[in-house]
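Have a look at the structure below before the remarks.
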Amino acid sequence: MLVKMFGSRCEVAIHDFSNLEKSLIHIAGKITDREIGSPITDLVLQELRKPPTQIQDMPNYKTQSKKGNIMKSSTVFLRDNHDVVIGALCMNYDISLMLQLEGEMEDFITFDDSQKKSESFYSSVHDVIEGMVDQVLQGFKKSPSLMTMEEKIESVRILEEKGAFLIKGSTEYLAIVLGVSKFTVYNYLQKIRTHNEYHLDEGTRTV
């Protein structure tokens, strides 16, 4: 039932400890290529060396088959009415493919942390303008009506760097939000562009 539930990568074995040399009395699945009559494993033998009260079930430990496949294994010890350990139910699940896929997925979902980018996705041009303006003005932590002229000019400078004025209508929208005329925004923008061009020209001559 367990193998049918978890599929072909699962193996379930039943051991009878009355004969440890041939303890395997039932097996479903072909992960370890063992057959009925195979001996008990060294890990179980090590556990059986403990006093009966100290023998504990072993869930979710890592093992490896002779073929090199990595497995997730669990061993449940079976006891009689006197709490004596008489056998074990063991499950092995081949996770080799999952580990390979984990590596592939890790490589695929890894980002270039040196690229500190932020991108928003909009469904209309107005949303683009509104989103960019709101994002910049939130950085001033005050109402636009309380912003000084210097702060308003700075907001225009930041939006210019972000390319907001490449979109038609952005100047008019910003003017409404800032409570100034669109010509005032144009003047701010012209001063900023003139300043940038001057410094760019200065840098070129210096080089």
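The values are calculated or read from the model by the stated rules, or taken from the named source; none is laboratory data. The structure presented is a predicted model; accordingly, all values stated were derived computationally and were not measured. Here the Cβ is made from the backbone with ideal geometry for all residues, glycine too, and neighbour counts use every protein chain on show.
What is the residue count in the stretch 13-24 for residues that are in contact (Cβ under 8 Å) with a residue 24 or more places away in the chain and either of a type in the set (Gly, Ala, Ser) or surrounded by fewer than 19 Cβ atoms within 10 Å (Cβ to Cβ) (or both)?
So the answer is 7.
Do we find that Tyr188 is crowded, with 16+ Cβ neighbours inside 10 Å and in a strand (DSSP E or B) in this structure?
no
Would you confirm, using the coordinates I've provided, whether Gly131 is touching a Ser or Thr at 6+ places or on another chain (Cβ under 9 Å) and surrounded by fewer than 10 Cβ atoms within 10 Å (Cβ to Cβ)?
No, not satisfied.
A quick yes/no check of all residues on (1) in a loop (DSSP other than H, G, I, E, B); (2) touching a Cys at 6+ places or on another chain (Cβ under 9 Å):
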{"site": "Glu11", "(1), (2)": "no, yes"}
{"site": "Ile25", "(1), (2)": "no, no"}
{"site": "Ile31", "(1), (2)": "yes, yes"}
{"site": "Arg34", "(1), (2)": "yes, no"}
{"site": "Leu45", "(1), (2)": "no, no"}
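Check Leu101, Leu137 and return the single one that is assigned to a helix (DSSP H, G or I), closer than 30 Å to Ile27 by Cβ and not hydroxyl-bearing (Ser, Thr, Tyr).
Testing whether each residue is assigned to a helix (DSSP H, G or I), closer than 30 Å to Ile27 by Cβ and not hydroxyl-bearing (Ser, Thr, Tyr) leaves just Leu101.
Starting from the stretch 170-191, keep only residues that are in the same structural domain as Lys142 (by TED's automatic domain parsing) and under 21 Å from Val128 (Cα atoms), then list their pairs with residues that are exposed (fewer than 14 other Cβ atoms within 10 Å of the Cβ) and acidic (Asp, Glu) whose Cβ atoms are within a distance under 6 Å, requiring at least 6 positions of separation or different chains.
Lys182/Glu172
Scan (1) at pLDDT below 95; (2) within 30 Å of Thr63 (Cβ to Cβ); (3) not aliphatic (A, V, I, L, M) for the single condition Asp94 breaks and write down its number.
All conditions pass for Asp94, except number (1).
Among the numbered criteria (1) of a type outside the set (Ser, Thr, Tyr); (2) over 22 Å from Gln100 (Cα atoms); (3) touching a Ser or Thr at 6+ places or on another chain (Cβ under 8 Å); (4) at pLDDT below 95, which single criterion is violated by Leu24?
Here Leu24 clears every test but (4).
Please go through the stretch 77-116 and give me each residue that is polar (S, T, N, Q) and either in contact (Cβ under 8 Å) with a residue 12 or more places away in the chain or touching an Asp or Glu at 6+ places or on another chain (Cβ under 6 Å) (or both), ordered by number.
Asn92, Ser96 - these are the residues of the stretch 77-116 that are polar (S, T, N, Q) and either in contact (Cβ under 8 Å) with a residue 12 or more places away in the chain or touching an Asp or Glu at 6+ places or on another chain (Cβ under 6 Å) (or both).
Residue by residue, here is whether (1) in contact with a His (Cβ under 9 Å, 6 or more places away or on another chain); (2) within 30 Å of Glu154 (Cα to Cα); (3) acidic (Asp, Glu) holds:
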| site | (1), (2), (3) |
| --- | --- |
| Gln46 | no, no, no |
| Arg49 | no, no, no |
| Thr53 | no, no, no |
| Val84 | no, no, no |
| Asp94 | no, no, yes |
| Met105 | no, no, no |
| Thr110 | no, no, no |
| Glu130 | no, yes, yes |
| Leu137 | no, yes, no |
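Contact list please: Cβ distance under 6 Å, first residue in the stretch 35-54 and surrounded by 10 or more Cβ atoms within 10 Å (Cβ to Cβ), second residue of a type outside the set (A, V, I, L, M), pairs at least six apart or on different chains.
As it stands, the answer is Gly37/Lys22; Pro39/Glu21; Ile40/His15; Ile40/Ser23, since those pairs meet every condition given.
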